[in-house]
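Enquirer: Handing you a structure now.
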Amino acid sequence: MTYGFDAPIDRRGTDCIKFDRPELRGRASDLLSYWVADMDFATSPEVVEAICKRAQHGIFGYTDPGPDYYASIDDWCSRRYGWHVPADQVVATPGVVYALAAAVRAFTAPGDAVVIQQPVYYPFSSVVEGNGRKLVVTQLAFDGERYSIDFEELERAIADNNAQLLLLCNPHNPVGRAWSALELGRIADICARHGVIVVSDEIHMDFARPGHEHVPFARISGESGCTYIAAISASKTFNLAGLQTANVVIPDEGLKDVYRATMLASGYSQPNVLGAIATQAAYEYGEPWLSALKDYLEGNWKLLGDMLAARTPELKLIEAESTYLAWIDCRALGYDAKALERFIEDEAGLWLDCGGIFGAGGDGFVRINIATQRAYLERGIDQLCSAAGRALARLK
Ligand SMILES: Cc1ncc(COP(=O)(O)O)c(C=O)c1O
């Protein structure tokens, strides 16, 4: 079956934040947009069908997903990742960022230290600081090509601050690492030694690229005795972010009770009915679509890599192991954070996430969401390369 990923779909007028009302986010209306992490593709036909069928019923009252919902999550994680997820460990939440924030509130007290590894998806810092906890930033090590974890620095940051929680991005947005079992094992050992709970955000787990694999934190935590929770969702994988549905896996009964109590205190009880229907259909029937999507994305990765290498090799694409987010080192342009933002918008005519918002180590980089029609991606890369070519010529 072909899914027509090349066919443009006009998202304007759907109130999507990627294209509609850019002025609300301080952007000009004529920019090509590659910022927020959702896709310009229709989700799998089976998901659309399941939503339509449920919508026909006409009543959308309070709903608790049943055993089939939980079985679909377990099947997906077991089959693809060797990760058995029993139903009684799963708590549905209205999104992964909500899940992270709830973990911060549930497992730490105001003033407690929470560690993150920057550059990282920006809500990691806001859910810590916004809840009055102490943000402890460690920076990923970068050798110019690849990111890794400075385990000594991580342990020092945890010990010096008596940290209670680590927010782990696995795989890592924006740097694209799919952490290995070895790396996750070392994190688990450190956190077990210091009594730190790991909150593993695995929302991008289904995008491991050829030659790489997603290792669920759950699979390696056992030996170390490290306590963890993991947040997953079909939202990135199947382009369902607007349905605001995620699942948190919490093996420890006590932690689960505290987590549930925190959710109730925030006023949340049952999940969005259409989000649950879509999640289940995606996990039950969506695998062929996902497989085709990932093939298509590989073509986009190749296009991006080839165009940058041919036209502006000074801009270095960091080899992503997962996600559909390209992280590009633009430091050769010599701009500071503000100037790079102006360059991207005014000279390249693009709406991207510039690296500074991802925190320490982000300045001088840009993130491009490649999950779009290839022709649209090509236009954006062309504009980036042309503008970069002019900027580099000015430097000479
Ligand atoms: C690492 C990571 N976590 C969470 C989210 C958002 O999750 P949600 O929309 O379920 O809150 C994103 C979206 O880009 C992400 O990259």
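Enquirer: Under a 10 Å cutoff between Cα atoms, tell me which one of LEU24, LEU293, LEU303 has the largest fluctuation in the Gaussian network model of the chain.
Expert: Looking only at LEU24, LEU293, LEU303, the largest GNM fluctuation is found for LEU24.
Enquirer: Semi-axes of the stretch 218-292's equivalent ellipsoid from the Cα gyration tensor, sqrt of 5 times each eigenvalue, largest first, rounded to whole Å?
Expert: On the way: eigenvalues 130, 77, 14 Å².
Over the Cα atoms of the stretch 218-292, the ellipsoid semi-axes are 26, 20, 8 Å.
Enquirer: A further question follows. Read phi for every residue in the stretch 358-370 and hand back ³J(HN,Hα) as whole Hz from Karplus 6.51 cos²θ - 1.76 cosθ + 1.60, θ = phi - 60°, with x for Gly and Pro.
Expert: Rounded to whole hertz, the list is 8, x, 3, x, x, 4, x, 10, 10, 10, 10, 7, 8.
Enquirer: Taking the chain as a Gaussian network, where each spring joins two C-alpha atoms under 10 Å apart, which residue of ASN300, ASN247, ASN131 fluctuates the most?
Expert: ASN131
Enquirer: Roughly how many whole Å is it from the C-alpha centroid of the stretch 256-334 to that of the stretch 177-228?
Expert: 18 Å
Enquirer: Let me ask you something else. Divide, for the stretch 59-285, the radius of gyration over alpha carbons by 2.2 N^0.38 Å, where N is the residue count. Before the final figure, lay out each step's value.
Expert: On the way: Rg = 16.8 Å, N = 227, 2.2 N^0.38 = 17.3 Å.
This ratio for the stretch 59-285 stands at 0.97.
Enquirer: Let me ask something else about it. Gap in Å between the Cα centre of the stretch 33-67 and the Cα centre of the stretch 160-175?
Expert: Between the Cα centre of the stretch 160-175 and that of the stretch 33-67, the gap is 31 Å.
Enquirer: Please list the non-local residues whose amide H lies under 5 Å from the amide H of TRP83, H modeled 1.01 Å from N, same-chain partners needing a gap of 5 or more.
Expert: The answer is SER78.
Enquirer: Let me ask something additional. Run the accessible area of the chain with a 1.4 Å probe and give the carbon-and-sulfur part as a rounded percent.
Expert: Numbers: 8320 of 16390 Å².
Taking all protein chains in place, the chain shows 51 percent carbon and sulfur surface.
Enquirer: Give the long-range amide H neighbours of ALA92: residues separated by 5 or more places, or on another chain, with amide H under 5 Å away, using H modelled in the peptide plane at 1.01 Å from N.
Expert: It is VAL248, by chain and number.
Enquirer: Cα convex hull of the chain: how many Å³ per residue?
Expert: Working: hull volume 56.7 nm³, N = 396.
Looking at the chain, the number lands at 143 Å³ per residue.
Enquirer: If you don't mind, there's one more thing I want to ask. Between ASP88 and ARG379, what is the label-to-label distance in nm when each label sits 7 Å out along the Cα-to-Cβ direction?
Expert: 5.4 nm
Enquirer: For THR14 and PHE60, calculate 0.36 nm times their separation in residues minus their Cα-Cα distance, and state this gained length in nm to one decimal. Don't jump to the answer; show the numbers that get you there.
Expert: On the way: separation 46, 0.36 × 46 = 16.56 nm, distance 2.15 nm.
Taking THR14 through PHE60 to full extension adds about 14.4 nm, to one decimal.
Enquirer: Do any of LYS236/LYS396; LYS134/LYS316; LYS18/LYS302; LYS134/LYS338; LYS294/LYS396; LYS18/LYS294 go past 31 Å between their Cα atoms, and which? Could you put the intermediate results ahead of the total?
Expert: On the way: LYS236/LYS396 42 Å; LYS134/LYS316 34 Å; LYS18/LYS302 23 Å; LYS134/LYS338 27 Å; LYS294/LYS396 40 Å; LYS18/LYS294 21 Å.
The answer is LYS236/LYS396; LYS134/LYS316; LYS294/LYS396.
Enquirer: With springs only between Cα atoms under 10 Å, which of PRO174, PRO288, PRO119 fluctuates most in a Gaussian network model of the chain?
Expert: PRO288
Enquirer: Turning to a different aspect of this structure: What are the residues whose amide H is under 5 Å from the amide H of PHE365, where those residues sit 5 or more places off or on another chain and H is modelled from the backbone?
Expert: Under 5 Å from the amide H of PHE365: CYS330, GLY355, GLY356.
Enquirer: Further, regarding this structure: Antiparallel DSSP bridges in the chain: what percent, to the nearest 5?
Expert: Rounded to the nearest five, the antiparallel share is 50 percent.
Enquirer: I've got another one for you. Report the gain in length on full extension from ASP30 to ARG156: 0.36 nm times residue separation, minus Cα-Cα distance, nm rounded to one decimal.
Expert: My answer for the length gained is 40.7 nm.
Enquirer: Ordered by residue, what ³J(HN,Hα) values in Hz, to whole numbers, does the stretch 103-109 give under the Karplus form 6.51 cos²θ - 1.76 cosθ + 1.60, where θ = phi - 60° and Gly and Pro are x?
Expert: 5, 4, 6, 6, 10, 9, 10
Enquirer: Semi-axes of the equivalent ellipsoid for the stretch 78-192, please: Cα gyration tensor eigenvalues, times 5, square-rooted, ordered largest first, whole Å. Provide the component values of the computation, followed by the final result.
Expert: Details: eigenvalues 91, 85, 40 Å².
Computed over the stretch 78-192, the values are 21, 21, 14 Å.
Enquirer: What number do you get for the stretch 1-54 when its Cα radius of gyration is normalised by 2.2 N^0.38 Å, N = residues? Present the calculation step by step, with values, prior to reporting the outcome.
Expert: Values: Rg = 13.9 Å, N = 54, 2.2 N^0.38 = 10.0 Å.
Computed over Cα atoms of the stretch 1-54, the ratio equals 1.38.
Enquirer: Kindly write out, for the stretch 382-396 in residue order, the coupling ³J(HN,Hα) from the Karplus curve 6.51 cos²θ - 1.76 cosθ + 1.60 (θ = phi - 60°), rounded to whole Hz, with x marking Gly and Pro.
Expert: 4, 5, 5, 5, 5, 5, 5, x, 5, 5, 5, 4, 5, 6, 7
Enquirer: Here's another thing I want to ask about it. On the first, second and third principal axes, largest extent first, how far apart are the outermost C-alpha atoms of the stretch 1-158 in Å?
Expert: 55, 48, 33
Enquirer: Could you calculate the contour length gain from GLU129 to ARG394, that is, 0.36 nm times the residue separation minus the distance between their Cα atoms, to one decimal place in nm? Present the calculation step by step, with values, prior to reporting the outcome.
Expert: On the way: separation 265, 0.36 × 265 = 95.40 nm, distance 4.07 nm.
Length difference between fully extended and current span is 91.3 nm.
Enquirer: Can you give the accessible area of VAL96 in Å² (nearest 10), computed on protein heavy atoms with a 1.4 Å probe?
Expert: Spelled out: VAL96, probe radius 1.4 Å, area about 10 Å².
Enquirer: Turning to a different aspect of this structure: Rounded to the nearest 500 deg cm²/dmol, what is the calculated helix-only ellipticity per residue at 222 nm for the chain, with -39500 (n - 2.57) per DSSP H run of length n ≥ 4?
Expert: After summing the helix terms and dividing by residue count, I get -13000 deg cm²/dmol.
The values are calculated or read from the model by the stated rules, or taken from the named source; none is laboratory data. Note that this is a predicted model, so its numbers are computed, not measured. All Cβ positions, even for glycine, are placed from backbone atoms using ideal geometry, and neighbour counts span all protein chains on display. We work out accessible area using only protein heavy atoms, side chains counted, and drop any ligands, DNA or RNA first. Shrake-Rupley method; radii C 1.70, N 1.55, O 1.52, S 1.80 Å.
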